[in-house]
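Since every read-out is calculated from the coordinates, none of them should be taken as a lab result. Model, not experiment: these values are computed from the prediction. All Cβ positions, glycine included, derive from the backbone under ideal geometry; neighbour counts span all protein chains shown.
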Amino acid sequence: MNKERQETVEKIISWALDKKAEDVKHIDVEGKTDFTDSIIICHGTADLHVRAIADNIITMAKSENIQILSSEGKNNATWILIDMGDIIVHVFNEETRDFYKIEDLYKLSPKNRKKETENVEG
């Protein structure tokens, strides 16, 4: 991961944590997908909390001149997606996150299984 993207990922995580986002995860998918390089996933405890997390990320990104290509889901606030091109942010409510289990999609790839095996073995 290049330094600029790493710094942006760290900022986004910080902005999510500023609004008390829960279980924040970053998944580096560079070279594994053709639509993005990083995925950030977190959740809030209620619709209002989910909206507040997403709004803070969007507001802070704009203040730092980080381009937001689109955002979806703010009306129902069970799953808000913020597309920044090489970084995609998913802000869920806990029930929706548990249902879709997006993190698990990337754990199942053969490349990630190999890394997990290497970590276990030594």
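For the reader, a short list of remarks on this structure follows.
- Note: relative contact order over the chain, using C-alpha pairs below 8 Å and six or more positions apart, is 22 percent.
- Centre-to-centre, using Cα atoms only, segment 54-82 and segment 6-33 are separated by 13 Å.
- Taking the helices alone, the chain has a mean residue ellipticity at 222 nm of -14500 deg cm²/dmol, built from -39,500 (n - 2.57) per DSSP H run of at least 4 residues and averaged over all its residues.
- When +1 charges are put on Lys and Arg Cβ atoms and -1 charges on Asp and Glu Cβ atoms, the dipole computed for the chain relative to its Cα centre reaches about 20 debye.
- At 0.692 mPa s and 37 °C, Stokes D of segment 3-121 from Kirkwood alpha-carbon radius, µm² per second: 224
- One decimal place: the segment Lys25-Asn65 gains 12.1 nm when fully extended, by the rule 0.36 nm per residue minus the C-alpha distance.
- Under 18 Å from the Phe99 label point (7 Å along Cα→beta-carbon), backbone N, segment 59-80: 72-80
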